[in-house]
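The values are calculated or read from the model by the stated rules, or taken from the named source; none is laboratory data. Keep in mind that what you see is a predicted model, and the values were worked out from it rather than measured. Quick reminder, even Gly has a Cβ in these numbers, built from the backbone with ideal geometry, and neighbours come from all protein chains shown. With ligands, DNA and RNA removed, areas are computed over all heavy atoms of the protein, side chains included. Shrake-Rupley method; radii C 1.70, N 1.55, O 1.52, S 1.80 Å.
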Amino acid sequence: MTDRIALISGASRGLGRAMALHLAGSRAGIIGTYRTGAAEADALKHEIEAKGGKAAMIPLDVTDTSGFPRFTEAVAATLRDTFSRQQFDYLVNNAGIGVRANFAETTEAQFDALVATHLRGPVFLTQRLLPLIKDGGRILNVSSGFVRFTLPGYSVYAAMKAATEVLTRFMAVELGERRIRVNAIAPGAIATDFAGGAVRDNEAVHAFVAQGIALGRVGLPDDIGGAVAAILSDDMGWANGTCFDISGGQML
Ligand code: NAD
């Protein structure tokens, strides 16, 4: 039995996957998107179903705005066919890429990829999906601890995430008339494939990051999945237009 329905971009692995599992554990139906990881998306769908939940996976490239009308139709069809619904409750704009490049060496191609993935994609995808989001629903954008603290190599990436946080506030103001709450989370460093998996796989990076976190270890996908399920719960319904730092106390 599913109460709410969450659409999560980039759900096939990393943070999106953990969000899907935690939300499914809170009885939400899941519509996940994947770009290349069809097999991983399928495995996630089966894992959710094995625990009694309901899930559907739809391909999406957030940099390809021309595909958004087709994607939106696929979401509407999935809502109808899988969930017997016309709208969903939670949109999580999670899909993202980590491009490590010092400011002086950042190329236009890297800049364009970051803008397309982190800013243009979420703006026009959300715009397109608005009619399918229930009045009183929620949008959660994924920012980054790099908006608050600084390390070399992430200037343009962090600038995109800063834009995400500003956008979050303006979206909250404009969507308030539909009682749609719009918030963001800013995860600290989490051990995923992100930026080539450096935090997870590179011992020196892992140790450096861990010593900068008050709780003494790097974050894990479940740390974020649990937080997202909590933030999207009804008890957090008065939170709006804000950004939650979920970093274990990184670089305080
Ligand atoms: P990840 O690399 O494990 O997963 C990224 C997901 O985004 C994948 O499912 C991937 O397919 C999807 N994706 C990437 N480009 C896409 C595109 N063009 N179209 C559609 N999907 C696309 O990384 P993650 O750590 O799970 O990152 C998830 C989000 O969290 C990103 O927005 C990232 O910026 C943010 N974030 C991550 C960390 C971290 O340390 N891992 C920290 C702060 C914020």
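Some notes on this structure:
- Among the residues of region 131-164, the one identified as assigned to a helix (DSSP H, G or I), among the aliphatic types (A, V, I, L, M) and closer than 21 Å to ALA229 by Cα is LEU132.
- Residue match in region 165-180 (condition: in contact with a Gly (Cβ under 7 Å, 6 or more places away or on another chain), of a type in the set (D, E, K, R) and either part of a helix (DSSP H, G or I) or open to solvent by less than 30 Å² (accessible area, probe 1.4 Å) (or both)): yes
- Filter result for ILE133 (open to solvent by less than 30 Å² (accessible area, probe 1.4 Å) and at pLDDT 95 or above): yes
- Single unsatisfied condition, ALA159 versus (1) within 18 Å of ALA239 (Cβ to Cβ); (2) under 18 Å from the mean Cα position of the chain (by Cα); (3) surrounded by fewer than 22 Cβ atoms within 10 Å (Cβ to Cβ): (1)
- Failed item, numbered, when LEU114 is tested on (1) assigned to a helix (DSSP H, G or I); (2) open to solvent by less than 60 Å² (accessible area, probe 1.4 Å); (3) within 21 Å of ALA239 (Cβ to Cβ): (3)
- Scanning region 227-252 for residues that are farther than 26 Å from ALA207 by Cβ, over 16 Å from the mean Cα position of the chain (by Cα) and aliphatic (A, V, I, L, M) yields MET236, ALA239.
- Counting only residues that are open to solvent by 40 Å² or more (accessible area, probe 1.4 Å) and polar (S, T, N, Q), region 74-105 holds 5 of them.
- From the list GLY241, GLY237, the one residue that fits, being touching a Lys or Arg at 6+ places or on another chain (Cβ under 6 Å) and open to solvent by less than 40 Å² (accessible area, probe 1.4 Å), is GLY241.
- Output for region 175-222, where each listed residue is more than 9 Å from the ligand (Cβ to nearest atom) and among the basic types (Lys, Arg): ARG178, ARG179, ARG181, ARG217
- Counting residues in region 135-151 that are more than 16 Å from the ligand (Cβ to nearest atom), among the β-branched types (Val, Ile, Thr) and within 23 Å of LYS45 (Cβ to Cβ) gives zero.
- Looking across region 1-37, the residues that are more than 9 Å from the ligand (Cβ to nearest atom), modelled with pLDDT of 95 or more and open to solvent by 50 Å² or more (accessible area, probe 1.4 Å) come down to ARG4, HIS22, GLY25, SER26, ARG27.
- With respect to the conditions (1) touching a Lys or Arg at 6+ places or on another chain (Cβ under 7 Å); (2) within 25 Å of PRO69 (Cα to Cα); (3) surrounded by fewer than 19 Cβ atoms within 10 Å (Cβ to Cβ), ASP193 lacks only one, and its number is (2).
- ALA74 vs. criteria within 16 Å of the ligand (Cβ to nearest atom), within 26 Å of GLY136 (Cα to Cα) and out of contact with any helix residue (DSSP H, G or I) (no Cβ under 6 Å at 6 or more places or on another chain): yes
- Selection within region 1-24 - β-branched (Val, Ile, Thr) and more than 14 Å from MET57 (Cβ to Cβ): THR2
- As a summary of the residue check, THR106 satisfies the conditions (1) farther than 28 Å from GLY226 by Cβ; (2) among the β-branched types (Val, Ile, Thr); (3) under 14 Å from the mean Cα position of the chain (by Cα) except for the one numbered (3).
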